[in-house]
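Structure record follows, encoded as structure tokens.
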Amino acid sequence: MNLSNIKPAEGSVRKNKRLGRGVASGKGGTSTRGHKGAKSRSGYSRKIGFEGGQMPLQRRLPKFGFKPVNRIEYKAINLFALEQLAEGKKINIINVQTLIDAGMITKKQQVKILAKGEIKSKLEIEAHAFSKAAQQAIESAGGTIKVLK
């Protein structure tokens, strides 16, 4: 075997269509583009969403909604979930890393503690935000809170 007798695998290489090379080629004359009109010309491109002159869907539907640029989205975690986590792992300090390890949040999410459920154990909790009711519930149980930036 040498370089002069190497060939590609059978059927792996196809010949290109030779368009516009005369009528006898079978692809001559109009070069498979049909007759006349913008679609047969070079450089034609239809606008995205164009519906043949009919009012396009994106203009028929009403505009609505607004997303504020500076909005901070929090992952809500309730007190009963923190209580279960503390009892299950036998810990009294709950921070962001603890919640990530438990699979409750991802690294990029910010946490807000909400007051659903009740908390019995004395916990030290670190989070990005707390609801007022959750803050009162934690402090009344003898725990402390720390708000992260």
Residue identified as among the β-branched types (Val, Ile, Thr), touching a helix residue (DSSP H, G or I) at 6+ places or on another chain (Cβ under 6 Å) and in contact (Cβ under 8 Å) with a residue 12 or more places away in the chain among 138, 145: 145
Residue among 87, 83 that is loosely packed, with under 12 Cβ neighbours inside 10 Å, under 26 Å from residue 137 (Cα atoms) and out of contact with any Cys (no Cβ under 6 Å at 6 or more places or on another chain): 87
Condition met for residue 143 (within 30 Å of residue 19 (Cα to Cα), of a type outside the set (D, E, K, R) and over 30 Å from the mean Cα position of the chain (by Cα)): no
Strands (runs of 3 or more DSSP E) fully within the range 55-132 counting 1 or more residues that are among the basic types (Lys, Arg): 74-78, 110-114
Residue list for the range 35-87, restricted to those being under 17 Å from residue 127 (Cα atoms) and of a type in the set (A, V, I, L, M, F, W, C): 72, 76, 77, 79, 80, 81, 82, 85, 86
Residue list for the range 103-118, restricted to those being among the small types (Gly, Ala, Ser) and either touching a strand residue (DSSP E or B) at 6+ places or on another chain (Cβ under 8 Å) or closer than 13 Å to residue 83 by Cβ (or both): 115, 117
Matching residues, the range 117-136, being closer than 15 Å to residue 76 by Cβ and either modelled with pLDDT of 95 or more or surrounded by 16 or more Cβ atoms within 10 Å (Cβ to Cβ) (or both): 125, 127, 128, 129, 130, 131, 132, 133, 134, 135
Leading residue by the ranking (nearest to the chain's Cα centre (by Cα)) among those in the range 96-112 that are polar (S, T, N, Q) and under 12 Å from residue 77 (Cβ atoms): 109
Residues that are β-branched (Val, Ile, Thr), under 43 Å from the mean Cα position of the chain (by Cα) and exposed (fewer than 10 other Cβ atoms within 10 Å of the Cβ), drawn from the range 1-41: 13
Flag if residue 44 is surrounded by 10 or more Cβ atoms within 10 Å (Cβ to Cβ), of a type in the set (Ser, Thr, Tyr) and in contact with a strand residue (DSSP E or B) (Cβ under 8 Å, 6 or more places away or on another chain): no
Residues that are β-branched (Val, Ile, Thr), at pLDDT below 95 and touching a Leu at 6+ places or on another chain (Cβ under 8 Å), drawn from the range 70-92: 91
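The values are calculated or read from the model by the stated rules, or taken from the named source; none is laboratory data. Keep in mind the model is a prediction, meaning the values are calculated, not measured. Don't worry about glycine lacking a Cβ; one is built from the backbone with ideal geometry, like all the others, and counts go over all protein chains shown.
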